[in-house]
Protein chains: 2
Amino acid sequence: MDFTETSAEQAVVDSFAATTDPRLKEILAAVTRHLHALVREVRPTMAEWEQAIEFLTDVGHTCDATRQEFVLLSDVFGVSMLVETLNDSDGGTEATVLGPFHLTESPQRELGDSIDLLGTGTPCVITGIVRATDGTPLPGASVDIWQCTEDGFYDVQQPDRQPPGNGRGRFRTDGDGKFWFRTVVPSHYPIPADGPVGRLLNATGRHPYRPAHVHVIAEAAGHHSLTTHMFVADSPYLDSDAVFAVKRSLITEFADRGSHREAHFDIRLTPDGK
Amino acid sequence: MDFTETSAEQAVVDSFAATTDPRLKEILAAVTRHLHALVREVRPTMAEWEQAIEFLTDVGHTCDATRQEFVLLSDVFGVSMLVETLNDSDGGTEATVLGPFHLTESPQRELGDSIDLLGTGTPCVITGIVRATDGTPLPGASVDIWQCTEDGFYDVQQPDRQPPGNGRGRFRTDGDGKFWFRTVVPSHYPIPADGPVGRLLNATGRHPYRPAHVHVIAEAAGHHSLTTHMFVADSPYLDSDAVFAVKRSLITEFADRGSHREAHFDIRLTPDGK
């Protein structure tokens, strides 16, 4: 039978019939159905289809060892946040996006160490406890932290100005599940806007800014891994994050103590199997 | 309001509200709705989302001046063919996919010239007439031809073995709308299968072959441009083209004349405004 507007979707789904991995087969059938439904609805011209191909190619060519433009694209369409939300474990601290800057291993540091290797910016002490959802403290949990400088850049974005590992640290909670470290208050910042995703935001009147935040991945044996942020409570853009990642429960007071600021962020991890 | 599974789609559509180009706004809203519906249906794990990001990045990195992996990806999901079908003009010769090998300008040639610069393969004469849908011949129409060799490779795939322009030629129809040129019979061939799209086909038990064909873009003033193929009638894979591009009306007899083969392909172009 000829390939027509109406027969096309099923013909392509059928072409994947011999896929041995059942999950892959299910995903490819769903991708085919939604992609064809999109195309039938939008009815792109050939020129529009070519623009789409060029855009995706440009996104791919913008990706390198320190830049992940497809993650950015997923972010600005709210897809990263949607996937995080769908995978969020009940009862624990809410999850949010990984973002495109978790590109290097954070250096292992001791509790109390500073992750600020530059000495510029507003000093800050961050403390917290990792607990299970029933309140039990989790000693020896891993808390992986990464953040930008007061100027809004991650180390990987400024290899000439920042030593590798600036703003990054992996800590182990103590016997009471506690962690603490020194840093500077991060700034709000624009996602990288000099590539195709930036051009998309520009063409659609969207700003590229994210509210100030500190990234966290918390992991403990026997519990779901958690990827989240602590958001700085007085930051601009909390209500219009370019990547839709703000949850009210994650907004954290960075209290002014004169010489420095202090924030406290408690983390609850969901036990495996829940 | 927090970003949730149910509020996410509308939040992202709303973020594009300030888009000044109404068509771009419409497309982005549709992309957002279908993409979120897909993600809500499939409920990817974080690892699956990361695999998708890596796959798309790999597709992007595989694209270069002579390789268009995103076109291949669009092809194997039947999207290229669907877009062609949606844009097909009523009454004219049926359209089919552009494919990823129209990467260089075809050299202008004289009627009767050979596009085969190698001298290997089964010689072939191709003749045809370009007409309007009412049967009026169209003198001075452009007929852009490209095809692979008898071994199944395009010039751009074998820069060391084929001179640039081998298998390619742009012709002008004569005063009666006729065109004719010499070539060799093209072979069926696999789409490039050494990249991420090839791995996808492999994982899904799909073969990468396309039936033998000669590509055509026909253009005449006052008429819709036509992108199509003539398919070689005795080729394998006519019923399982990896890119879903076969239309029965495009299957063309390549008649055996002993010393050579002969094919005749008439083209009907739809007048503008129809």
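The values are calculated or read from the model by the stated rules, or taken from the named source; none is laboratory data. Small disclaimer: the values here were computed from a predicted structure and weren't measured. With ideal geometry, Cβ positions are generated from the backbone for all residues, glycine too; neighbour counts draw on all protein chains shown.
Output the qualifying pairs, or none if there are none: Cβ atoms under 8 angstrom, residues six or more apart or on different chains, first residue in segment B:129-141 and closer than 10 Å to B:Thr270 by Cα, second residue among the charged types (D, E, K, R) and at pLDDT below 95.
Every condition considered, the pairs that remain are B:Thr133/B:Lys274.
Any idea which of B:Asp241, B:Asp194, B:Asp160 is within 20 Å of B:Arg67 (Cα to Cα), buried (at least 19 other Cβ atoms within 10 Å of the Cβ) and at pLDDT 95 or above?
Numbers: B:Asp194 fails: buried (at least 19 other Cβ atoms within 10 Å of the Cβ); B:Asp160 fails: buried (at least 19 other Cβ atoms within 10 Å of the Cβ).
Of B:Asp241, B:Asp194, B:Asp160, the one residue that is within 20 Å of B:Arg67 (Cα to Cα), buried (at least 19 other Cβ atoms within 10 Å of the Cβ) and at pLDDT 95 or above is B:Asp241.
Looking only at segment A:163-176, which residues are more than 18 Å from A:Leu98 (Cβ to Cβ) and surrounded by fewer than 21 Cβ atoms within 10 Å (Cβ to Cβ)? Quick ask: steps written out before the conclusion?
Filtering segment A:163-176 down to residues more than 18 Å from A:Leu98 (Cβ to Cβ) leaves A:163-166, A:171-176.
Passing the criteria: A:Pro163, A:Pro164, A:Gly165, A:Arg172, A:Asp174, A:Gly175, A:Asp176.
Given A:Thr133, A:Thr66, A:Thr120, which one is over 15 Å from A:Asp144 (Cα atoms), at pLDDT 95 or above and surrounded by fewer than 21 Cβ atoms within 10 Å (Cβ to Cβ)? Talk me through it step by step, then tell me what you get.
Numbers: A:Thr66 fails: at pLDDT 95 or above; A:Thr120 fails: at pLDDT 95 or above.
Unique residue meeting the criteria: A:Thr133.
In segment B:124-137, how many are more than 24 Å from the chain's Cα centre (by Cα) and part of a strand (DSSP E or B)? Spell out the reasoning first.
Of all residues in segment B:124-137, those more than 24 Å from the chain's Cα centre (by Cα) come to B:134-137.
Those left that are additionally part of a strand (DSSP E or B): B:137.
The total comes to 1.
Against the condition surrounded by 15 or more Cβ atoms within 10 Å (Cβ to Cβ) and part of a helix (DSSP H, G or I), how does A:Glu84 come out, does it pass?
Details: surrounded by 15 or more Cβ atoms within 10 Å (Cβ to Cβ): yes; part of a helix (DSSP H, G or I): yes.
So A:Glu84 passes the test.
Please specify each residue of segment B:202-237 satisfying the condition of being basic (Lys, Arg) and more than 13 Å from every other protein chain (Cβ to nearest Cβ). Give the derivation first.
First, pick out the residues of segment B:202-237 that are basic (Lys, Arg): B:206, B:210.
Matches in segment B:202-237: B:Arg210 only.
Being within 8 Å of chain A (Cβ to nearest Cβ), in contact with an Asp or Glu (Cβ under 7 Å, 6 or more places away or on another chain) and part of a helix (DSSP H, G or I), is that true of even one residue in segment B:36-45? Steps first, please.
Step one: filter segment B:36-45 for residues within 8 Å of chain A (Cβ to nearest Cβ), giving B:36-45.
Filter again for in contact with an Asp or Glu (Cβ under 7 Å, 6 or more places away or on another chain), leaving B:36, B:40.
Filter again for part of a helix (DSSP H, G or I), leaving B:36, B:40.
Among the residues of segment B:36-45, at least one is within 8 Å of chain A (Cβ to nearest Cβ), in contact with an Asp or Glu (Cβ under 7 Å, 6 or more places away or on another chain) and part of a helix (DSSP H, G or I), which makes the answer yes.
Only one of (1) farther than 19 Å from B:Glu48 by Cβ; (2) crowded, with 21+ Cβ neighbours inside 10 Å is not met by A:Thr96, so which one is it?
All conditions pass for A:Thr96, except number (1).
Within segment A:105-123, does at least one residue satisfy the condition of being under 20 Å from A:Phe171 (Cα atoms), out of contact with any Lys or Arg (no Cβ under 6 Å at 6 or more places or on another chain) and part of a strand (DSSP E or B)?
Yes, the conditions are met somewhere in segment A:105-123.
Please go through segment B:76-121 and pick out each residue that is more than 21 Å from B:Pro190 (Cα to Cα), within 9 Å of chain A (Cβ to nearest Cβ) and β-branched (Val, Ile, Thr).
B:Val83, B:Thr85
Name the one entry in A:Leu28, A:Leu72, A:Leu82 that is more than 19 Å from the chain's Cα centre (by Cα) and of a type outside the set (Ser, Thr, Tyr). Step through it out loud before you land on a result.
Values: A:Leu72 fails: more than 19 Å from the chain's Cα centre (by Cα); A:Leu82 fails: more than 19 Å from the chain's Cα centre (by Cα).
Every option except A:Leu28 fails the conditions.
Among the strands (runs of 3 or more DSSP E) lying completely within segment B:138-249, list those that include at least 3 residues that are closer than 20 Å to B:Phe77 by Cα. Before the answer, list the steps.
Numbers: elements: B:142-146, B:168-172, B:178-184, B:213-219, B:226-232.
Once the strands (runs of 3 or more DSSP E) in segment B:138-249 are filtered for at least 3 residues that are closer than 20 Å to B:Phe77 by Cα, what remains is B:226-232.
Take segment B:1-20 and flag every residue that is at the interface with chain A (Cβ under 7 Å from one of its Cβ atoms) and of a type in the set (D, E, K, R).
Within segment B:1-20, B:Asp2, B:Glu5 meet the criteria.
Give all pairs with beta carbons closer than 7 Å in which a residue from segment B:168-188 that is more than 14 Å from B:Ser114 (Cα to Cα) meets a residue that is assigned to a strand (DSSP E or B) and of a type in the set (A, V, I, L, M, F, W, C); count only pairs at least 6 apart in sequence or on separate chains.
The qualifying pairs are B:Thr173/B:Val130; B:Thr173/B:Val143; B:Thr173/B:Phe179; B:Gly177/B:Ile129; B:Gly177/B:Val130; B:Lys178/B:Ile129.
Select from segment B:46-67 the residues that are within 7 Å of chain A (Cβ to nearest Cβ) and closer than 18 Å to B:Pro196 by Cβ and list them in ascending order.
Taking segment B:46-67 first, the residues within 7 Å of chain A (Cβ to nearest Cβ) are B:46, B:49, B:53, B:56-57, B:59-61, B:63.
Of everything in segment B:46-67, those that are within 7 Å of chain A (Cβ to nearest Cβ) and closer than 18 Å to B:Pro196 by Cβ turn out to be B:Trp49, B:Ile53, B:Leu56, B:Thr57, B:Val59, B:Gly60, B:His61, B:Cys63.
Can you name every residue in segment A:250-265 that is more than 27 Å from B:Ala11 (Cβ to Cβ) and part of a loop (DSSP other than H, G, I, E, B)?
Passing the criteria: A:Arg257, A:Gly258, A:Ser259, A:His260.
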